[in-house]
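Participant: Right, I'll just put the structure down here and ask away after.
The values are calculated or read from the model by the stated rules, or taken from the named source; none is laboratory data. Note that this is a predicted model, so its numbers are computed, not measured. Neighbour counts are summed over all protein chains in view; Cβ atoms, including those assigned to glycine, are modelled from backbone coordinates with ideal geometry. SASA here: full protein model, heavy atoms, side chains in, ligands and nucleic acids out. Shrake-Rupley method; radii C 1.70, N 1.55, O 1.52, S 1.80 Å.
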Amino acid sequence: MRYAGARLGRGVGQMKRTFNFILPHGFAVRKALIFLSVVLAAIAAPRVGCAQTDEIQVYDAEIAEPGVINLMWHQNFTPSGIKEPAFPGAIISDRSYNGVPELAFGITPWFEQGLYLPVYSVSKGRGSTLDSVKLRELFVRPHAGDHTFFYGMNFEFSYNASYWDVRHFTSEIRPIIGLHLHPVDIIINPILDTDWTGVSNYFFAPSMRLAYNYSPKWTFAAEHYADYGPVRQFATVSGQYHSLWAVVDHTSKVLDVEAGIGFGLTAATDKVTLKLMLSRDIRRPHEPAEATPNQQGGTP
């Protein structure tokens, strides 16, 4: 499973995991310093605002296995939303439908490459539009699902249409921190959104998830998505984005499904939003064929 940070007020941000020096054996001091320097370098430049979001998901540091290609279809619909554009010419969120197919390529046990293509919308006044394309690099603690404490870092790079964001080039920096407490999961994504116009313009848009794993196939969760505004000065509470979600996940051999309903908690947040994510592996490495007795050099 994966997720999304959200940001509105003027919009909702975008969204997965950390570097090869994040090893199962923990951080050495030198590697921790390298990690910190990479993060600080990435933070040296931010974003101003987008009107919609294509991905509403909290990342849990689990990635596709090496050689696996996974397809996830993100969809969300706002039956009751803000009726004014977040900026001049922006897509209006009220009664808008947004989505994107996401391809995830498992490269190593700690690295996954992602591609979102295309982000699209159907909205009032504009009809059908193509909005954005995104690349992401996700670095995680290998086999995060097997550990009590897990972590990762996601970097995302977007090229946007003028009606999707005020800036053509934007990025997301998404740390991932979590605990598997069996059967409860606690996950935090303290996201920073950037439009590459200076550190003071970074937007702080964290997302959180509290999940109860009822069975291997069913999970029930509460999620919170927020956008506090630029780090130089947070917006007033009424101008911040805050939404609370009820989410259910179902896993099967054929298809993984995540569905949820979110309710806005402030005036700057859409009142009601629905999300649906469908996921399955579309390519897996061939399993080696089991040797027959003759191939093993013997006969029955």
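Participant: Roughly how much of I92 is accessible, in Å² to the nearest 10, using a 1.4 Å probe?
Facilitator: I92 exposes around 40 Å² with every protein chain in place.
Participant: Can you send over the solvent-accessible area of R280, 1.4 Å probe, protein chains only, in Å² to the nearest 10?
Facilitator: R280 has an accessible surface of roughly 110 Å² with all protein chains in place.
Participant: Ok, one more. Let me check something: with ligands and nucleic acids excluded, how do I282, I191 order by accessible area (1.4 Å probe), largest to smallest?
Facilitator: Reading off the accessible areas and sorting them downward yields I282, I191.
Participant: Ranked by accessible surface with a 1.4 Å probe, highest first, in what order do W110, W164 come? Working shown, then result.
Facilitator: Numbers: W110 70, W164 0 Å².
I get W110, W164, largest accessible area first.
Participant: So what is Rg over Rh here for the range 75-166, counting just Cα atoms and using Kirkwood for Rh? All intermediate terms of the calculation are to be shown ahead of the outcome.
Facilitator: On the way: Rg = 16.7 Å, Rh = 15.1 Å.
Result: Rg/Rh = 1.10.
Participant: Another one. Using a 1.4 angstrom probe on heavy atoms only, work out the carbon and sulfur share of the accessible area of the range 56-175 in %. The partial results should precede the final answer.
Facilitator: Numbers: 3030 of 4610 Å².
Here it works out to 66 percent.
Participant: Taking the Cα atoms of the range 141-204 alone, what are Rg (to one decimal) and Dmax (as a whole number) in Å?
Facilitator: 15.4, 45
Participant: Given the C-alpha atoms of the range 170-213, compute the convex hull and give its volume per residue in Å³. Walk me through the intermediate numbers first.
Facilitator: Values: hull volume 2.5 nm³, N = 44.
Hull volume over Cα atoms, normalised by residue count, gives 56 Å³.
Participant: How are the alpha carbon pair distances in the range 101-244 distributed across 5 Å bins from zero to the largest one, expressed in percent?
Facilitator: With a bin width of 5 Å, the distribution comes to 2, 8, 13, 16, 20, 19, 12, 7, 2, 0.
Participant: Leaving ligands, DNA and RNA out of it, rank T251, T269 by accessible area with a 1.4 Å probe, largest first.
Facilitator: Values: T251 55, T269 5 Å².
Ranked list, largest accessible area first: T251, T269.
Participant: Out of the range 62-113, which GluC sites (Glu not before Pro) are coil in DSSP terms and have no more than 16 other C-beta atoms within 10 Å?
Facilitator: Details: sites: E62, E102, E112; in loops: E62.
Of the GluC sites (Glu not before Pro), not one in the loops of the range 62-113 has a Cβ with at most 16 other Cβ atoms within 10 Å.
Participant: Viscosity 1.306 mPa s, temperature 10 °C: give me the Stokes-Einstein translational D for the range 98-140 in µm²/s, with Rh taken as the Kirkwood radius over C-alpha pairs.
Facilitator: On the way: Rh = 11.6 Å.
Value of D from the Cα-based Kirkwood radius: 137 µm²/s.
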